[in-house]
1. Report, ordered by chain and residue number, the lysines lying within cross-link reach of A:Lys53, taken as a straight Cα distance under 18 Å and ignoring same-chain residues fewer than 8 apart.
2. Provide the gained length on full extension for the span A:Lys178 to A:Arg201, in nm with one decimal, where the gain is 0.36 nm per separating residue minus the Cα-Cα distance.
3. Using a 10 Å cut-off around each Cβ, can you sort A:Arg130, A:Arg199, A:Arg150, B:Arg430 from fewest to most neighbouring Cβ atoms?
4. Under a 10 Å cutoff between Cα atoms, tell me which one of A:Arg15, A:Arg170, A:Arg206 has the largest fluctuation in the Gaussian network model of chain A.
5. Could you put B:His423, A:His115 in order, starting from the residue whose Cβ has the fewest other Cβ atoms within 10 Å?
6. GNM on chain A, C-alpha springs below 10 Å: top fluctuator among A:Asp114, A:Asp62, A:Asp169?
7. Counting other C-beta atoms within 10 Å, which of B:Arg380, A:Arg145 has the fewest, and how do the rest follow?
8. Under a plain spin-label model, where a point goes 7 Å from the Cα along Cα-to-Cβ, how far apart in nm are B:Ala456 and B:Ser38?
Amino acid sequence: MLLTVREVGKAYDGRSVLSDISFSLNAGENALLLGPSGSGKSTLLNIVCGLQKPDAGSVEVDGELVAAADRSANSDLVRKRAMGIIFQTLRLVSALSVRANLALAQRLQAGSVDHEMIDDVIERLGIAHRASARPFELSQGEAQRAAIARALVVRPKLLIADEPTSALDRTNTETVAKMLFEAAQEAGATLLVATHDDRLRPFFERTFSLENGRLQPC
Amino acid sequence: MLRLALAYLRDRPLTTALNVLLLAISVAMLVLLLQFGSQASERFERDAEGIDLVVGAKGSPLQLILSSVFHIDQPTGNIPNSSLELLRNDPAVARVTPLALGDNFDGYRIVGTDQTFLVLHGARLAEGESFEHPMEAVMGAKVAEATGATLGQQFIGSHGLEDDEDNDSGHDHSPFRVTGILAPTGGVIDRLILTSVESVWEVHGIEHDHDHDGEEGHEHEGDEHADEAEHHEHEEHDHAFLVPGPAAGPVHLRQAVFDPSDTEALFRPAHHTEEHSEETAATQAVSGYEDRAPALQDRRAELEPELTALLVTYRNASGAIRIPAMINRQTEMQSAVPAVETARLLELLGASLDGIRIFAWLLALTGGLAIFVALINMARNREGDLALLRVMGASRVQVFATVILEGVVTAALGAAVGWLAAHGLITIARRSFPTLGDLGLTPWQPVAAEAGLIAAVLAIGALAALVPALKVYRIDPARTLARA
């Protein structure tokens, strides 16, 4: 298993947000985490990424502990080594060009920059002509692709995306979904996407529904 | 992280430029003060080395030192020639160097002295020979470079110690001849023209004893420079003459072509004698000129040979106790100790410079404060970016370092710009105000204290960035990204 989530629980101020969440994904598999706003999707993704500590249960990625209620985990290292993350608000560093954003991600992960790979990824995602542009100069679609490119250039084993299509229309939603799906496949990465957008369901092999803090397979 | 810090600085160019400018102004001021302080004191020390006491006419002791040791002020007056023997006969005195000032050539002082002056300044000849007979002169390295003087050339001194375009009182009747050029020493001697004391007396029409101690016997018969003429009889009359150029301008070298009918000719050959085998048109011109200067010759008998100052080196410590007191109490002269007067001068300068120094440091602190304000705002505005860096694998220390680097790079830019500006200003000021050059102010000559200053400015930059850096160090990425 590449990703294993075991009996994860989380509560804020005594209010349960996640309860007894368990699932696992194999290497190269893709899954959609579907749920309305406030259902706890982002909290679950934060725990999977090791950004938040669960109140119960644990998470392992590629056999390494990322988060656990009763143990300390080297989440920074695992995240750095195995994960590529696409945030809902894209989060490109505004002072850097698209290319420099990608190079920074590689440098932080591997300590060096693979320019060939960056060229290849931005070419495939159709933003090679915008490589020198700063984030504020990009259209929403270009920024989306740049964020996906940044997650891909670190050669992730697990690609996580939080609401990647929230600001897009139907056509662009399909484009981005396909792009994510194909990029993960080409990279051989496991893909986990959290969204409230039901339109993405047809693109994924597995879909989990998160309702009232509980996970239900669809 | 450095690239990211640079990118963030480029991202807000105006703020960065203002912070750099603030620090640059303060660094420039501090570097100027350091340069002035260290180079001036170093120059003072070097020029005064070996001189324990200066004896001169009563007046300001500081003026006496400035005029006689550093050659940057007017002398206090003259002292009797007999004072030289008085001090030379004192058992506590190892060396007395006489100085006779009063003239300049193209702004460079002509100093009547003896060979001990060269020893005192550790000077050696790069070309030719030292002055031996009257009207022979040795050029300091800088003088020779500036005037283009070469051996054998002649020049006419002007009255006064500075070049004055309105001053037409050239000593046309007594040209000097260049017999030697000194190697550069980096000291005051580089910008002096040395000749014998007798030459200065000669130029000013003062009768003197030709068997003066320290000089070779040298016979004169009135104005007929028989010995000189004999000494220089090999000279051709059409040799190159070195003459003063326009005031403060370059010196012109020209081939003197003498026209016997030109009785107003300014430039004359130096040596003329009735024994000269072929009396040329040029010598006739000189004769004509000298005939027109009877007043000066008439005054000769009235003028006593005098000196401007004496530079004294003690043989032992007892001299330091006894001689200054003896000079000050028992003669009409004064004595001044270079070390004391130099210290007093630097103290006087230091008091006024301290105010500027404090202001400059306050400016540096203001620059630090501006960096702090810019970075604290940055930390607030960019916490999303920085949280993202943490998620992407940056450690807390790396994020902390990014902010510290922004502060340090800003300070480094300020220090670099300030340092370059200060040295550039020194270069410009030196060209505009030659006195600064006389004081020994040399551009692009770093002093050790500048490294300390730059380190202090970098520390200000780092300290200013410390609080914002600690703020981003404590960022909780998940909470920050969720909030954003």
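1. Qualifying lysines at Cα under 18 Å: A:Lys10, A:Lys41, A:Lys80.
2. Values: separation 23, 0.36 × 23 = 8.28 nm, distance 1.16 nm.
Answer, rounded to one decimal: 7.1 nm.
3. Values: A:Arg130 20, A:Arg199 13, A:Arg150 29, B:Arg430 17.
The most exposed by this proxy come first: A:Arg199, B:Arg430, A:Arg130, A:Arg150.
4. Largest GNM mean-square fluctuation: A:Arg15.
5. Working: B:His423 20, A:His115 12.
Taking fewest neighbouring Cβ atoms as first place, the list is A:His115, B:His423.
6. Checking each option, the largest mean-square fluctuation is seen for A:Asp169.
7. B:Arg380, A:Arg145
8. If labels sit at B:Ala456 and B:Ser38, their model points lie 1.2 nm apart.
Values quoted throughout were computed directly from the atomic coordinates according to the rules given, and no laboratory measurement underlies them. Just so it is clear, the structure is predicted and the values come from calculations on it, not from any experiment. Methodologically, a virtual Cβ is constructed for each residue, glycine included, from the backbone with ideal geometry; neighbour enumeration extends over all protein chains shown.
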